[in-house]
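This report concerns only the one structure given below.
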Amino acid sequence: MLEVKDLHVSVEDKAILKGLDLTVNAGEVHAIMGPNGAGKSTLSAVIAGKDGYEVTQGSIFFEGQDVLEMEIEERARAGMLLGFQYPIEIPGVKNIYLLKAALNAARAARGEGEVPAPEFMKLVREKSAEMKMDTSFLQRAVNEGFSGGEKKRNEILQMLVLQPKLAMLDEIDSGLDIDAMKVVAQGVNSLRSADRAILMVTHYQRLLNHIEPDRVHVLVDGRIVKSGDKDLALELEARGYDWVVEESAA
Ligand code: ADP
Ligand code: MG
Ligand code: MG
(Lines give C-alpha, C1' and ligand atoms only; values in the text may rest on other atoms or scores of the structure.)
(Ligands and ions follow the chains in the order given, each with its own letter.)
Protein backbone atom coordinates (compact mmCIF):
# COMPACT_ATOMS: atom_id res chain seq x y z
CA MET A 1 0.00 0.00 0.00
CA LEU A 2 2.70 2.45 1.06
CA GLU A 3 6.25 2.27 -0.18
CA VAL A 4 8.84 4.78 1.00
CA LYS A 5 12.26 4.42 -0.55
CA ASP A 6 15.51 6.17 0.31
CA LEU A 7 13.62 9.23 1.50
CA HIS A 8 15.69 12.32 2.22
CA VAL A 9 13.94 15.37 3.60
CA SER A 10 15.23 18.77 4.66
CA VAL A 11 13.64 21.53 6.64
CA GLU A 12 15.19 24.92 6.13
CA ASP A 13 18.27 23.29 4.59
CA LYS A 14 18.73 21.01 7.57
CA ALA A 15 18.69 17.33 6.66
CA ILE A 16 16.11 15.53 8.81
CA LEU A 17 15.30 12.30 7.03
CA LYS A 18 18.40 10.68 5.62
CA GLY A 19 17.51 7.69 3.54
CA LEU A 20 14.40 6.24 5.11
CA ASP A 21 12.86 3.02 3.80
CA LEU A 22 9.45 1.77 4.87
CA THR A 23 6.89 -0.60 3.36
CA VAL A 24 3.40 -0.86 4.82
CA ASN A 25 0.87 -3.37 3.51
CA ALA A 26 -2.90 -3.10 3.72
CA GLY A 27 -4.25 -4.56 6.92
CA GLU A 28 -1.11 -3.82 8.92
CA VAL A 29 -0.45 -1.63 11.93
CA HIS A 30 3.06 -0.20 12.07
CA ALA A 31 4.51 1.64 15.06
CA ILE A 32 7.32 4.12 14.57
CA MET A 33 9.35 4.66 17.72
CA GLY A 34 12.55 6.51 18.36
CA PRO A 35 14.21 9.26 20.36
CA ASN A 36 13.07 12.88 20.32
CA GLY A 37 14.00 14.75 17.21
CA ALA A 38 14.67 11.60 15.16
CA GLY A 39 12.26 12.67 12.43
CA LYS A 40 9.12 10.68 13.32
CA SER A 41 6.69 13.56 12.95
CA THR A 42 8.51 14.70 9.84
CA LEU A 43 7.87 11.34 8.20
CA SER A 44 4.09 11.42 8.60
CA ALA A 45 3.96 15.12 7.73
CA VAL A 46 5.85 14.52 4.49
CA ILE A 47 3.62 11.60 3.53
CA ALA A 48 0.52 13.71 4.21
CA GLY A 49 2.00 16.57 2.19
CA LYS A 50 2.36 19.29 4.78
CA ASP A 51 4.17 22.45 3.71
CA GLY A 52 7.70 23.31 4.71
CA TYR A 53 9.41 20.03 3.92
CA GLU A 54 11.73 19.60 1.00
CA VAL A 55 12.17 16.11 -0.39
CA THR A 56 15.69 16.07 -1.78
CA GLN A 57 15.89 12.39 -2.71
CA GLY A 58 13.84 9.21 -2.76
CA SER A 59 10.24 8.30 -3.42
CA ILE A 60 6.87 7.67 -1.79
CA PHE A 61 4.30 5.51 -3.54
CA PHE A 62 0.76 4.88 -2.30
CA GLU A 63 -1.23 2.19 -4.11
CA GLY A 64 1.09 2.65 -7.04
CA GLN A 65 0.61 6.41 -7.21
CA ASP A 66 3.54 8.78 -6.94
CA VAL A 67 2.67 10.66 -3.77
CA LEU A 68 5.29 13.34 -4.25
CA GLU A 69 3.45 14.43 -7.39
CA MET A 70 0.19 14.86 -5.49
CA GLU A 71 -1.12 17.97 -3.75
CA ILE A 72 -2.08 17.71 -0.07
CA GLU A 73 -5.81 17.56 -0.92
CA GLU A 74 -5.24 14.85 -3.51
CA ARG A 75 -3.44 12.79 -0.92
CA ALA A 76 -6.32 13.14 1.54
CA ARG A 77 -8.77 12.22 -1.22
CA ALA A 78 -6.69 9.19 -2.13
CA GLY A 79 -7.19 8.05 1.45
CA MET A 80 -4.05 9.14 3.26
CA LEU A 81 -4.98 10.97 6.40
CA LEU A 82 -2.83 12.39 9.16
CA GLY A 83 -4.59 13.01 12.45
CA PHE A 84 -4.84 16.70 13.18
CA GLN A 85 -4.13 17.45 9.58
CA TYR A 86 -6.63 20.21 10.17
CA PRO A 87 -5.63 23.15 12.33
CA ILE A 88 -5.60 22.44 16.02
CA GLU A 89 -8.39 24.93 16.65
CA ILE A 90 -10.78 26.43 14.16
CA PRO A 91 -12.66 29.15 15.96
CA GLY A 92 -16.29 29.32 14.96
CA VAL A 93 -16.27 26.14 12.86
CA LYS A 94 -18.32 23.46 14.49
CA ASN A 95 -16.77 20.05 14.75
CA ILE A 96 -19.75 18.45 13.07
CA TYR A 97 -19.51 20.70 10.00
CA LEU A 98 -15.84 19.95 9.55
CA LEU A 99 -16.52 16.23 9.81
CA LYS A 100 -19.33 16.42 7.30
CA ALA A 101 -17.35 18.54 4.83
CA ALA A 102 -14.37 16.19 5.08
CA LEU A 103 -16.58 13.12 4.67
CA ASN A 104 -18.31 14.58 1.63
CA ALA A 105 -14.95 15.43 0.08
CA ALA A 106 -13.82 11.84 0.62
CA ARG A 107 -17.07 10.53 -0.88
CA ALA A 108 -16.79 12.85 -3.86
CA ALA A 109 -13.31 11.45 -4.51
CA ARG A 110 -14.86 7.98 -4.65
CA GLY A 111 -17.54 9.22 -7.01
CA GLU A 112 -20.23 9.08 -4.34
CA GLY A 113 -22.78 11.77 -3.61
CA GLU A 114 -23.15 13.72 -0.39
CA VAL A 115 -23.94 11.73 2.70
CA PRO A 116 -27.66 11.89 3.51
CA ALA A 117 -28.20 13.84 6.75
CA PRO A 118 -29.85 11.01 8.73
CA GLU A 119 -27.12 8.57 7.73
CA PHE A 120 -24.45 11.08 8.74
CA MET A 121 -26.05 11.74 12.12
CA LYS A 122 -26.35 8.03 12.80
CA LEU A 123 -22.70 7.47 11.89
CA VAL A 124 -21.42 10.34 13.98
CA ARG A 125 -23.54 9.41 17.01
CA GLU A 126 -22.37 5.83 16.81
CA LYS A 127 -18.70 6.76 16.52
CA SER A 128 -18.93 9.44 19.24
CA ALA A 129 -20.39 6.84 21.57
CA GLU A 130 -17.55 4.52 20.70
CA MET A 131 -15.07 7.26 21.65
CA LYS A 132 -17.12 8.00 24.78
CA MET A 133 -17.58 11.56 23.58
CA ASP A 134 -20.69 13.43 24.50
CA THR A 135 -22.48 14.59 21.35
CA SER A 136 -22.29 18.16 22.68
CA PHE A 137 -18.68 18.11 21.43
CA LEU A 138 -19.99 17.97 17.92
CA GLN A 139 -21.64 21.33 18.30
CA ARG A 140 -18.52 22.99 19.67
CA ALA A 141 -15.91 24.76 17.56
CA VAL A 142 -13.18 22.39 16.42
CA ASN A 143 -10.94 21.61 19.36
CA GLU A 144 -11.71 24.96 20.96
CA GLY A 145 -11.32 24.56 24.68
CA PHE A 146 -10.90 20.80 24.34
CA SER A 147 -8.63 19.16 26.87
CA GLY A 148 -5.64 17.19 25.58
CA GLY A 149 -7.54 13.94 25.97
CA GLU A 150 -10.62 15.30 24.24
CA LYS A 151 -8.52 16.44 21.29
CA LYS A 152 -7.04 12.98 20.93
CA ARG A 153 -10.45 11.37 21.08
CA ASN A 154 -11.70 13.87 18.54
CA GLU A 155 -8.78 12.95 16.29
CA ILE A 156 -9.75 9.28 16.40
CA LEU A 157 -13.42 10.18 15.91
CA GLN A 158 -12.40 11.94 12.72
CA MET A 159 -10.60 8.78 11.55
CA LEU A 160 -13.61 6.61 12.43
CA VAL A 161 -15.93 8.83 10.42
CA LEU A 162 -13.62 9.34 7.44
CA GLN A 163 -12.30 5.77 7.31
CA PRO A 164 -9.04 6.58 5.48
CA LYS A 165 -7.06 3.83 3.76
CA LEU A 166 -3.90 4.94 5.50
CA ALA A 167 -4.42 6.44 8.95
CA MET A 168 -1.39 8.22 10.37
CA LEU A 169 -1.46 8.99 14.06
CA ASP A 170 1.25 11.01 15.76
CA GLU A 171 1.63 10.51 19.50
CA ILE A 172 -2.01 9.85 20.17
CA ASP A 173 -1.07 8.64 23.63
CA SER A 174 0.72 11.75 24.83
CA GLY A 175 -0.92 13.39 27.80
CA LEU A 176 -3.61 10.75 28.20
CA ASP A 177 -4.54 9.12 31.46
CA ILE A 178 -4.95 5.35 31.45
CA ASP A 179 -8.71 5.40 30.89
CA ALA A 180 -8.53 7.88 28.02
CA MET A 181 -5.70 5.91 26.48
CA LYS A 182 -7.83 2.76 26.55
CA VAL A 183 -10.68 4.55 24.80
CA VAL A 184 -8.32 5.93 22.17
CA ALA A 185 -6.71 2.51 21.72
CA GLN A 186 -10.13 0.87 21.31
CA GLY A 187 -10.97 3.45 18.66
CA VAL A 188 -7.76 2.69 16.79
CA ASN A 189 -8.38 -1.04 17.09
CA SER A 190 -11.83 -0.63 15.58
CA LEU A 191 -10.16 1.15 12.64
CA ARG A 192 -8.17 -1.98 11.91
CA SER A 193 -9.30 -3.74 8.78
CA ALA A 194 -7.91 -5.82 5.94
CA ASP A 195 -8.02 -2.92 3.51
CA ARG A 196 -6.63 -0.25 5.83
CA ALA A 197 -3.15 0.42 7.16
CA ILE A 198 -2.30 2.35 10.31
CA LEU A 199 0.97 4.14 10.88
CA MET A 200 1.41 5.17 14.49
CA VAL A 201 4.14 7.31 15.95
CA THR A 202 4.64 6.71 19.63
CA HIS A 203 7.25 7.43 22.26
CA TYR A 204 6.05 4.85 24.68
CA GLN A 205 5.53 1.16 24.62
CA ARG A 206 2.46 1.29 26.88
CA LEU A 207 0.14 2.23 24.01
CA LEU A 208 1.28 -0.91 22.24
CA ASN A 209 -0.08 -3.01 25.09
CA HIS A 210 -3.48 -1.90 23.86
CA ILE A 211 -2.85 -1.67 20.12
CA GLU A 212 -0.79 -4.63 19.01
CA PRO A 213 1.37 -3.60 16.08
CA ASP A 214 2.34 -5.94 13.26
CA ARG A 215 5.67 -4.16 12.87
CA VAL A 216 7.73 -1.88 15.10
CA HIS A 217 10.38 0.38 13.59
CA VAL A 218 13.05 2.39 15.34
CA LEU A 219 13.76 5.71 13.71
CA VAL A 220 17.10 7.23 14.69
CA ASP A 221 18.65 10.26 13.09
CA GLY A 222 16.49 10.20 10.00
CA ARG A 223 16.59 6.52 9.19
CA ILE A 224 14.84 3.35 10.27
CA VAL A 225 17.69 1.47 11.87
CA LYS A 226 15.83 -1.50 13.25
CA SER A 227 12.50 -3.21 12.65
CA GLY A 228 10.83 -6.05 14.42
CA ASP A 229 7.56 -7.29 15.84
CA LYS A 230 5.84 -6.13 19.02
CA ASP A 231 8.56 -7.66 21.17
CA LEU A 232 10.97 -5.02 19.90
CA ALA A 233 8.84 -2.37 21.61
CA LEU A 234 9.14 -4.26 24.90
CA GLU A 235 12.88 -4.49 24.44
CA LEU A 236 13.09 -0.75 23.78
CA GLU A 237 11.04 -0.06 26.87
CA ALA A 238 13.44 -2.12 28.95
CA ARG A 239 16.71 -1.07 27.35
CA GLY A 240 16.14 2.38 25.84
CA TYR A 241 17.42 3.39 22.42
CA ASP A 242 21.18 3.58 22.93
CA TRP A 243 21.88 -0.05 22.11
CA VAL A 244 19.98 0.26 18.82
CA VAL A 245 21.98 3.35 17.95
CA GLU A 246 25.25 1.56 18.77
CA GLU A 247 24.20 -1.54 16.88
CA SER A 248 23.32 0.50 13.79
CA ALA A 249 26.59 2.43 13.93
CA ALA A 250 28.63 -0.76 14.16
P1 ADP B 1 10.35 13.58 16.26
O2 ADP B 1 8.90 13.60 15.88
O3 ADP B 1 11.00 12.28 16.02
O4 ADP B 1 10.57 14.05 17.65
P5 ADP B 1 10.57 15.68 14.31
O6 ADP B 1 10.24 15.05 13.01
O7 ADP B 1 9.52 16.48 14.97
O8 ADP B 1 11.12 14.58 15.30
O9 ADP B 1 11.84 16.61 14.13
C10 ADP B 1 13.07 16.14 13.61
C11 ADP B 1 14.07 17.28 13.58
O12 ADP B 1 13.65 18.25 12.66
C13 ADP B 1 14.23 18.00 14.90
O14 ADP B 1 15.59 18.30 15.05
C15 ADP B 1 13.41 19.24 14.72
O16 ADP B 1 13.92 20.29 15.48
C17 ADP B 1 13.56 19.51 13.24
N18 ADP B 1 12.40 20.18 12.67
C19 ADP B 1 11.18 19.62 12.49
N20 ADP B 1 10.32 20.51 11.97
C21 ADP B 1 11.03 21.66 11.81
C22 ADP B 1 10.72 22.96 11.31
N23 ADP B 1 9.50 23.25 10.87
N24 ADP B 1 11.71 23.88 11.32
C25 ADP B 1 12.95 23.57 11.76
N26 ADP B 1 13.29 22.39 12.24
C27 ADP B 1 12.36 21.43 12.27
MG1 MG C 1 9.31 15.90 18.46
MG1 MG D 1 7.22 14.07 16.87
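Carbon and sulfur atoms: what percent of the 1.4 Å accessible area of the stretch 177-250 do they account for?
Numbers: 1580 of 3590 Å².
On the stretch 177-250, the fraction of accessible area on carbon and sulfur atoms equals 44 percent.
Overall, the stretch 110-250 carries a charge dipole of about 420 debye about its Cα centre when +1 sits on the Cβ of Lys and Arg and -1 on the Cβ of Asp and Glu, all other atoms neutral. Using R0 = 41 Å, the C-beta based FRET efficiency linking LYS14 and ALA108 works out to 0.60.
Work out the length of the dipole vector of the stretch 1-127 about its Cα centre, built from +1 on the beta-carbon of each Lys and Arg and -1 on the beta-carbon of each Asp and Glu, and round it to the nearest 20 debye.
Numbers: 14 positive and 19 negative charges, 123 e Å.
The calculated dipole for the stretch 1-127 is roughly 600 debye.
Listed by chain and number, the aspartates and glutamates whose alpha-carbon sits under 17 Å from that of LYS18, ignoring those within fewer than 8 places in the same chain, are GLU3, ASP6, GLU54, ASP221. Rounded to the nearest 20 debye, the dipole size of the chain about its Cα centre is 760 debye, using +1 on the Cβ of Lys and Arg and -1 on the Cβ of Asp and Glu. Taking 23 Å as the cut-off for C-alpha to C-alpha distance, list the pairs among LYS50/LYS132; LYS40/LYS152; LYS14/LYS230; LYS40/LYS165 that go past it. Pairs exceeding the cut-off: LYS50/LYS132; LYS14/LYS230. Bridge orientation summary for the chain: considering DSSP beta bridges with both residues in this region, about 60 percent are antiparallel. With q set to 0.09, 0.10 Å⁻¹, the log10 of I(q)/I(0) for the stretch 1-129, from the Debye formula over equal scatterers at the Cα positions, is -0.33, -0.41. Farthest towards the positive end of the charge dipole of the chain, among the residues PHE62, LEU138, LEU160, is the Cα of LEU138, using unit charges on the Cβ of Lys, Arg, Asp and Glu. Each listed q (0.20, 0.22 Å⁻¹) maps to a log10 I(q)/I(0) for the stretch 100-233, found by the Debye formula over equal Cα scatterers with no solvent: -1.23, -1.39.
At q = 0.08 Å⁻¹ the log10 of I(q)/I(0) for the chain amounts to -0.30, computed by Debye summation with a single uniform scatterer per C-alpha, solvent ignored.
Judged by the mean number of other Cβ atoms found within 10 Å, the most tightly packed of the peptides 196-203, 177-184, 161-168, 230-237 leads the ranking 196-203, 161-168, 230-237, 177-184. Rolling a 1.4 angstrom probe over the protein heavy atoms with all chains in place gives the chain an accessible area of 46 Å² per residue. Peptide packing: for 105-113, 34-42, the average count of neighbouring Cβ atoms within 10 Å per residue gives the ranking 34-42, 105-113, highest mean first.
Could you give the length gained on full extension between GLN65 and LYS182, defined as 0.36 nm per residue of separation minus the Cα-Cα distance, in nm?
Values: separation 117, 0.36 × 117 = 42.12 nm, distance 3.50 nm.
Extra length available between GLN65 and LYS182 comes to 38.6 nm.
Give, in nm to one decimal, the length gained when the segment between ALA101 and VAL55 is fully stretched (0.36 nm per residue of separation minus the Cα-Cα distance).
Length difference between fully extended and current span is 13.6 nm.
A straight line joining the Cα centroids of the stretch 1-68 and the stretch 100-151 runs 28 Å.
A Förster radius of 30 Å combined with the Cβ-Cβ distance from ASP21 to GLU73 puts the calculated FRET efficiency at roughly 0.65.
The values are calculated or read from the model by the stated rules, or taken from the named source; none is laboratory data. Everything numeric here is computed off the predicted structure, so don't read it as measured data. Positions of Cβ are generated from backbone atoms using ideal geometry, with glycine treated the same way; all protein chains shown enter the neighbour counts. These accessible areas exclude ligands, DNA and RNA; they are computed on the full protein's heavy atoms, side chains included. Shrake-Rupley method; radii C 1.70, N 1.55, O 1.52, S 1.80 Å.
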